[in-house]
Amino acid sequence: MSNNTDLSAQRQRIDEIDQKILDLLNERNQVSRDVIEYKIENQLPVFVAEREEEKSIRFRDMAAERDLDPDWAEDFLRMIMSASRATQSTNTFPRATKEPKRILFVGGEGGMGSLYRKVADQSGHKTFSIDKGNWYELEEIAPELDLAIVTVPINATVSVIERLSNQLHPGTILADFTSNKTAPLEAMLKAHSGPVVGLHPMHGPDVPNLSKQLMVFSDGRDPNAAEWFKEQCKLWGMRVVEADPANHDHVMNLVQGLRHFVALLHGSYMKEYDLNPHQMLEYSSPVYRAELMMTGRIFAQDAELYADIVFANKERRELLVSFFKHHERLIEMVEKDDKAGFIKEFEAVTDFFGRFATQALKESGYLINRLSDRFS
């Protein structure tokens with residue numbers, strides 16, 4: 001009891017400092033609102049990577065001068081900056097064009113369509129949404145549209161594009177949001193005589209805001225016509241990359257198709273072997289906890305959505321077949337108790353990963369430590 005009494009003064013002082021920290025954060029938030037208003041008035045992007053990097057470097061140096069951990073200080077600063085961007089995302093955004101654009105979201109009541117329609121509205125554009133129930137409205141709004149984005153599920157994308165055939169004004173940009181680019185682009189080029197661009201937002205509809213999210217652009221026809229939308233994405237704080245459709249799809253076959261099927265394999269075997277995830281969590285290392293959470297995340301979402309992703313095209317299905325044939329070769333190591341073969345294969349993969357393995361060790365260590373600190 002006496003020890004606690006001896007610490008009362010220090011604890012009270014810590015409480016006072018904590019209150020001052022919150023007061024300073026509140027003051028910083030007020031200044032950030034002034035910055036937000038200035039950005040909107042002057043058409044400046046939400047997220048400027050160079051500014052954040054420069055500020056993070058300076059903040060790390062200042063932390064070191066004060067005998068504070070620079071890594072911790074950078075984390076703290078980045079959380080503050082993230083909160084500032086989130087605050088802006090609840091208000092209005094600067095617009096990339098002098099006059100508002102008229103944007104149609106086909107399937108605009110779905111997750112991705114409603115998200116982008118919201119931020120387009122916040123940017124001062126005029127948005128429309130059509131689906132099965134109000135397709136008849138297309139005839140009236142089509143002549144004045146600047147951009148039409150197909151945001152329906154992947155298995156319906158091509159058929160919806162075909163339904164749009166010759167429905168749009170030749171000056172309208174036709175785009176899609178699917179994670180495949182080759183087939184939708186071919187369908188759009190066939191269905192529409194005007195500008196065509198393939199888009200792939202590399203995130204789900206549940207993101208708190210678009211800041212730092214990635215938007216992939218794949219050229220179809222007259223890509224310069226969509227430059228204003230590319231600039232709009234940047235003003236929303238997004239990172240923008242251009243990708244060849246075939247190369248994009250080849251990578252996505254692995255990133256999406258294989259990754260999601262492996263999650264099914266993991267979860268299905270847990271079910272078969274009666275490995276309750278809550279019980280496994282009690283005995284999990286931070287590394288496995290992270291892996292288990294990524295697997296469980298998949299099964300908190302729609303099965304049909306993931307089926308569409310996994311079975312999206314022939315190349316993706318062939319990759320999965322090849323994947324399991326590769327497993328058959330590795331299974332022989334287990335059946336034959338071939339430890340030497342395992343080591344040889346492991347070291348060959350190590351050589352293949354090269355310096356990326358070191359990067360992965362650093363980044364995964366960061367994620368694991370933060371996850372463990374927050375939820376353990």
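Of note:
- Of residues in region 271-324 being among the basic types (Lys, Arg) and under 17 Å from residue 249 (Cα atoms), the one nearest to the chain's Cα centre (by Cα): 316
- If you go through region 160-176 and keep only what is of a type in the set (S, T, N, Q) and at pLDDT 95 or above, you end up with just 172.
- Candidate set: region 210-259, residues that are of a type in the set (Gly, Ala, Ser) and crowded, with 20+ Cβ neighbours inside 10 Å; chosen: the one nearest to the chain's Cα centre (by Cα): 211
- For region 235-249, taking the residues that are in a loop (DSSP other than H, G, I, E, B) and of a type outside the set (A, V, I, L, M), the one that is farthest from residue 94 (Cα to Cα) is identified as 244.
- Any hit, region 167-189, residues being closer than 28 Å to residue 304 by Cα, touching an Asp or Glu at 6+ places or on another chain (Cβ under 7 Å) and hydrophobic (A, V, I, L, M, F, W, C): yes
- Only one entry in 252, 293 is under 30 Å from residue 218 (Cβ atoms), hydrophobic (A, V, I, L, M, F, W, C) and in contact (Cβ under 8 Å) with a residue 60 or more places away in the chain, namely 252.
- Hey, residue 148 under 18 Å from residue 199 (Cβ atoms), crowded, with 22+ Cβ neighbours inside 10 Å and under 23 Å from the mean Cα position of the chain (by Cα) or not: yes
- Residue count for region 121-177, restricted to those that are under 24 Å from residue 99 (Cα atoms), of a type in the set (A, V, I, L, M) and touching a residue at least 60 places away in the same chain (Cβ under 8 Å): 1
- Considered as a group, the residues in region 328-345 that are within 34 Å of the chain's Cα centre (by Cα) and surrounded by 10 or more Cβ atoms within 10 Å (Cβ to Cβ) include one that is farthest from residue 260 (Cα to Cα), and that residue is 345.
- Residue check for residue 183: within 23 Å of residue 132 (Cα to Cα), surrounded by fewer than 22 Cβ atoms within 10 Å (Cβ to Cβ) and at pLDDT below 95: yes
- Evaluating residue 189 against the criteria (1) free of Cβ contacts under 8 Å to residues at least 24 places away in the same chain; (2) surrounded by fewer than 17 Cβ atoms within 10 Å (Cβ to Cβ) leaves one unmet condition, (1).
- Evaluation of residue 85 against (1) surrounded by fewer than 14 Cβ atoms within 10 Å (Cβ to Cβ); (2) among the basic types (Lys, Arg); (3) modelled with pLDDT under 85 (one fails), failing number: (1)
The values are calculated or read from the model by the stated rules, or taken from the named source; none is laboratory data. Predicted model, so just to flag it, every value in this text is computed and none were measured. In this analysis, Cβ positions are derived from the backbone assuming ideal geometry, glycine residues included, and neighbour counts consider all displayed protein chains.
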